[in-house]
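A short worksheet on the structure shown next.
Readers should treat all values here as calculations from the given coordinates under stated rules, not as data from a laboratory. Keep in mind that this is a model prediction, so the values were computed, not measured. Note that each Cβ is placed from the backbone with ideal geometry, even for glycine, and that neighbours are counted across all protein chains shown.
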Amino acid sequence: MTYDTLIPVIRRLALEAGDKIMEIYDADDFDVKVKSDDSPVTAADEAADVIISAGLRAAFPDMMLVTEEQADSHSARGDTFLIVDPLDGTKEFIHRRGDFTVNIALVENGVPTRGVVYAPAKGRMFYTLADGQSVEETGALDKGSAGPTSPIRVAKPDNAALMVVASKSHRDQATDDYIGKYAVKDMKSAGSSLKFCLVATGEADLYPRVGRTMEWDTAAGHAVLAGAGGSVVRFDDHSPLTYGKPGYANPFFIAHAPGVGLKEA
């Protein structure tokens, strides 16, 4: 596998999964089940996972694959692997809010280096090119070939007037208390991994997450943000957020443009 072979595959699989998700989203009704951790799962999560995991295993049979919807993959161990959240923002999907994404990423030596984040209801697609630069693709989003892309880059933040993005479904007092340590010009709410992408495009400067996430929730957005010049660090000590951790659970973290003066937890 090379970056040149990887990027067209994950881009196409994200679009194919997005089509299936929207087919279910646009139906009159869909079933919602509850997993053992009390998180919801829909037919769209499962159908998208089938498309993506089958496509990745066919293209890259020797690469370790971790995907949210296949519990047996969660016992795999390694520091280099593909990781998938076929539908991030299931609550946004259920409530028909549109802020849900398809996420596919490559982690190398514990670092997300390449990824794609596709928001099918919003028609926005972000990914890293083979050279690591992050772009947003515009146009028809044709599955056969990539259309025009625009390089994306984090903003140069004004620490006296920061733009902050926070979770739409998981906002809590601890998050608000931490945001209160900053001089904030304005706040945005967004669901799923779109929050990473808003920092990557310069639409926000800071995204703190004081709550539970898993590596498949964050890897693709992390890769896109890194390819746009941003960083994701642990909330407690501001060291880089790493991947391949036991159980694939993340600590609290902060995604940010590098010019933000980070406050202590």
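Pairs spanning more than 29 Å between alpha-carbon atoms, out of 20/245; 195/245; 156/188; 143/185; 20/91: 20/245; 143/185.
Here the range 85-211 is treated with +1 on each Lys and Arg Cβ and -1 on each Asp and Glu Cβ, and its dipole about the Cα centre works out to around 240 debye.
Give me 65, 162 sorted ascending by neighbouring Cβ count inside 10 Å, so fewest comes first.
On the way: 65 17, 162 23.
Lowest count first: 65, 162.
One chain, two ends: residue 159 and residue 237. Fully extended at 0.36 nm per residue, the span grows by 26.1 nm beyond their Cα-Cα distance. Relative to the Cα centre, the charge distribution of the chain, modelled as +1 at Lys and Arg Cβ and -1 at Asp and Glu Cβ, gives a dipole magnitude of about 640 debye. Using a Gaussian network for the chain with springs between C-alpha atoms less than 10 Å apart, which of these wobbles most: 116, 233, 135? The residue that fluctuates most here is 233.
Shown for 236, 205: other C-beta atoms within 10 Å of each C-beta, ranked fewest to most, produce the order 236, 205. The range 49-128 and the range 140-212 have Cα centres spaced 19 Å apart. Normalising the average separation of contacting C-alpha pairs (under 8 angstrom, six or more residues apart) by the number of residues puts the relative contact order of the range 3-151 at 21 percent.
Based only on other Cβ atoms within 10 Å, what is the fewest-to-most ordering of 136, 92?
Values: 136 19, 92 22.
Lowest to highest Cβ neighbour count: 136, 92.
Mean residue ellipticity at 222 nm from the helices of the chain, using -39,500 (n - 2.57) per DSSP H segment of n ≥ 4 over the full residue count, to the nearest 500 deg cm²/dmol? Dividing the helical sum by the residues of the chain leaves -8500 deg cm²/dmol. A value for Cα extents along the principal axes in Å was derived from the coordinates, and within the list [x] 55, 39, 32; [y] 66, 41, 34; [z] 48, 39, 38 it appears as [z].
For the range 160-265, applying the loop criterion from DSSP together with a ceiling of 14 other beta carbons within 10 Å to the trypsin sites (Lys or Arg not before Pro) yields 181, 212, 263.
A crude spin-label estimate for the pair residue 64 and residue 264, with each label 7 Å from Cα along the Cβ direction, gives 3.6 nm. Rounded to the nearest 20 debye, the dipole size of the range 3-151 about its Cα centre is 280 debye, using +1 on the Cβ of Lys and Arg and -1 on the Cβ of Asp and Glu.
Considering only 180, 244, 211, give the residue with the highest GNM mean-square fluctuation for the chain, with springs between Cα atoms whenever their separation is below 10 Å. It is 180.
Listed values for the range 11-24 are Karplus-derived 3J(HN,Hα) couplings in whole Hz (6.51 cos²θ - 1.76 cosθ + 1.60, θ = phi - 60°), namely 5, 5, 5, 5, 5, 5, 5, x, 4, 5, 4, 5, 4, 6, and x replaces Gly and Pro. Across the range 254-265, computed HN-Hα scalar couplings (Karplus, 6.51 cos²θ - 1.76 cosθ + 1.60, θ = phi - 60°) run 10, 9, 7, 6, x, x, 6, x, 5, 8, 5, 5 Hz from first to last residue, x flagging Gly and Pro. Modelled label positions at residue 74 and residue 171, each set 7 Å beyond Cα in the direction of Cβ, lie 2.9 nm from each other.
Among 51, 104, 21, the largest mean-square fluctuation in a Gaussian network model of the chain (Cα springs under 10 Å) belongs to 51.
With R₀ fixed at 30 Å, the C-beta to C-beta distance from residue 129 to residue 50 puts the FRET efficiency at about 0.65.
Dipole of the chain computed with +1 at Lys/Arg Cβ and -1 at Asp/Glu Cβ about the Cα centre; of 216, 55, 128, farthest Cα towards the positive end is 128. If R0 is taken as 45 Å, the Cβ-Cβ distance between residue 109 and residue 23 corresponds to a FRET efficiency of 0.75.
Across the range 235-252, computed HN-Hα scalar couplings (Karplus, 6.51 cos²θ - 1.76 cosθ + 1.60, θ = phi - 60°) run 5, 6, 10, 6, 7, x, 6, 10, 10, x, 6, x, x, 6, 8, 8, x, 4 Hz from first to last residue, x flagging Gly and Pro.
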